[in-house]
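Participant: Dumping the structure here so I can ask a few things about it.
The values are calculated or read from the model by the stated rules, or taken from the named source; none is laboratory data. Quick caveat: nothing in here was measured; it's all calculated off a predicted structure. Positions of Cβ are backbone-derived with ideal geometry, glycine not excepted, and every protein chain shown enters the neighbour counts.
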Amino acid sequence: MNWTLSWTEVLGFATGALCVWLVARQHIANWPIGIANNVFFIVLFAQAGLYADAGLQIVFIALAAYGWWSWTHGGGPGTAQALPVRRTTRTEWAWLAAAGAVATLGLTLLLARATDSTVPFWDAATTVLSLAATYGQCRKLVESWWLWIAADLVYVPLYVYKGLHLTALLYVGFLALCVVGLLGWRRSLPERTAPAAAVEATA
């Protein structure tokens with residue numbers, strides 16, 4: 001195996017780890033750090049022939065701008081209220097599942113026919129999972145961490161296969177940080193004590 005590293009991979013490792021740690025802590029600085037990480041990974045993935053992952057970083061930059069605004073303004077016009085952590089609704093799950101299936105199929109076919117990718121399906125699947133997880137992160141949906149965990153479980157062996165060993169190690173760290181983030185965001189969910197209090201008041 002070729003274990004040579006580049007400064008691009010090292011900087012991607014450092015900014016990626018810092019970004020996920022900041023997300024787990026719900027710190028707004030995760031967004032600019034994440035944008036820097038995306039720039040490093042555009043170069044890295046293009047060089048490795050992971051074209052969907054490289055293109056994904058451009059989408060991530062746009063989503064980061066949206067997430068930055070959403071976290072500071074509560075996702076609503078004319079408000080400066082911070083966005084609260086919440087659960088994904090059934091409608092959101094249905095939309096994400098349908099869009100994800102269509103996008104994975106379409107991107108797999110595109111990569112297989114228009115590029116020299118050796119892993120078109122896995123490149124496409126991780127791309128779509130990452131987009132869905134990032135959308136959930138922008139809206140502070142607690143289940144977005146499960147989507148990241150699923151993506152990371154595929155990313156680790158994929159990057160080892162592509163010779164990106166430091167990046168694979170980074171994603172092992174991401175798995176651990178995702179668990180920390182999931183637990184932390186679950187603790188941030190609004191306590192569902194209001195309905196119980198209302199029942200007691202009418203008893």
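Conditions tested, residue by residue: (1) under 28 Å from GLN26 (Cα atoms); (2) within 19 Å of the chain's Cα centre (by Cα); (3) at pLDDT 85 or above.
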residue: THR104; (1), (2), (3): no, yes, yes
residue: THR108; (1), (2), (3): no, no, yes
residue: THR115; (1), (2), (3): no, no, no
residue: TRP122; (1), (2), (3): no, yes, yes
residue: LYS140; (1), (2), (3): yes, yes, yes
residue: ALA151; (1), (2), (3): yes, yes, yes
residue: LYS162; (1), (2), (3): no, no, no
residue: ARG186; (1), (2), (3): yes, yes, yes
residue: ALA196; (1), (2), (3): no, no, no
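Participant: Considering only region 148-164, state which residues are assigned to a helix (DSSP H, G or I) and over 19 Å from VAL128 (Cα atoms). Steps first, please.
Facilitator: Going through region 148-164, the residues assigned to a helix (DSSP H, G or I) turn out to be 148-161.
Selection gives VAL160, TYR161.
Participant: Still on this structure: Contact list please: Cβ distance under 8 Å, first residue in region 133-157 and touching a residue at least 40 places away in the same chain (Cβ under 8 Å), second residue of a type in the set (Asp, Glu), pairs at least six apart or on different chains.
Facilitator: GLY136/GLU143; LEU141/GLU92
Participant: While we're on this one: Given the conditions (1) at negative phi; (2) outside any helix (DSSP H, G or I), which single one is not true for ALA124?
Facilitator: With (1) at negative phi; (2) outside any helix (DSSP H, G or I) applied to ALA124, the lone miss is (2).
Participant: Say whether the condition of being surrounded by fewer than 19 Cβ atoms within 10 Å (Cβ to Cβ), outside any loop (DSSP other than H, G, I, E, B) and among the basic types (Lys, Arg) is met by at least one residue in region 86-100.
Facilitator: The answer is yes; a qualifying residue exists.
Participant: In addition: Cβ-Cβ below 6 Å, separation at least six or inter-chain, first residue in region 175-196 and surrounded by fewer than 16 Cβ atoms within 10 Å (Cβ to Cβ), second among the aromatic types (Phe, Trp, Tyr) and modelled with pLDDT of 90 or more: which pairs?
Facilitator: Taking only residues 6 or more apart or on different chains, not a single pair turns up.
Participant: Looking only at region 1-55, which residues are modelled with pLDDT of 85 or more, of a type in the set (Val, Ile, Thr) and not in a helix (DSSP H, G or I)?
Facilitator: ILE28
Matching residues to (1) touching a Lys or Arg at 6+ places or on another chain (Cβ under 8 Å); (2) surrounded by fewer than 22 Cβ atoms within 10 Å (Cβ to Cβ); (3) more than 20 Å from PRO32 (Cα to Cα):
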| residue | (1), (2), (3) |
| --- | --- |
| VAL128 | no, no, yes |
| TYR135 | no, yes, no |
| TYR155 | no, no, yes |
| VAL160 | no, yes, yes |
| LEU164 | no, no, yes |
| TYR171 | no, no, no |
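Participant: Scan region 1-51 for residues that are surrounded by 18 or more Cβ atoms within 10 Å (Cβ to Cβ) and of a type in the set (Phe, Trp, Tyr) and jot them down.
Facilitator: Residues satisfying the conditions are PHE13, TRP31, PHE40, PHE41, PHE45, TYR51.
Participant: Taking the condition of being crowded, with 19+ Cβ neighbours inside 10 Å and among the charged types (D, E, K, R), how many residues in region 103-126 meet it?
Facilitator: The qualifying residues number 1.
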